[in-house]
Amino acid sequence: MFGSGCWAEHQGAAGPDNAQVIGCSVSGTGEQIMRTMLAKECAQAKGDIFTALDGCFGSFCATPSLAMYRQRSAGLILLRKAADSDSAELGIAHTTQSMGYGYMSAGMASPRARISRKKESDQAAIVATRL
């Protein structure tokens, strides 16, 4: 379903609101991801990457369209890069207990792999970094 499991786009134009390139991929319970169009919603969320993912996953966890599910199950990786910048923002968010992720940029000698763990009291875990 369009906008559910992955999303990529080039937003805006050069100028004061610098254009950016966005890529997002989601994994988890397909029915929940499709009902919320999670990839598109998170990719188009405004603010810095942490704020965008915090708002997006807050909405995902609270949406009435998932009321029939006892728990939410989704993990996401989001990459945003301003068209006029050499660096990018990487965001990871998940409602599951843990999520593995890896990344590498041109300036790194080797890839990095991590496991993010969600605190029991949190709805979602969010990790954000600049590459």
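The values are calculated or read from the model by the stated rules, or taken from the named source; none is laboratory data. Computed from a predicted structure; not experimentally measured. As a convention, Cβ positions derive from the backbone with ideal geometry for all residues, glycine included, and neighbour counts pool all protein chains shown. Accessible surface is based on the protein model in full, side chains and every heavy atom, while ligands, DNA and RNA are left aside. Shrake-Rupley method; radii C 1.70, N 1.55, O 1.52, S 1.80 Å.
Quick notes
- Scanning the range 74-115 for residues that are in a strand (DSSP E or B), β-branched (V, I, T) and buried (at least 18 other Cβ atoms within 10 Å of the Cβ) turns up I77, I92.
- Long-range neighbours under 6 Å by Cβ, at least six apart or interchain, first residue farther than 14 Å from R72 by Cβ within the range 33-56, second open to solvent by 60 Å² or more (accessible area, probe 1.4 Å): A39/C6
- Residues in the range 116-131 that are touching a Leu at 6+ places or on another chain (Cβ under 6 Å) and assigned to a strand (DSSP E or B) were compared, and the one that is least open to solvent (accessible area, probe 1.4 Å) is I126.
- Set G23, G12, G5, G55: member being touching a strand residue (DSSP E or B) at 6+ places or on another chain (Cβ under 8 Å) and under 26 Å from E120 (Cα atoms): G5
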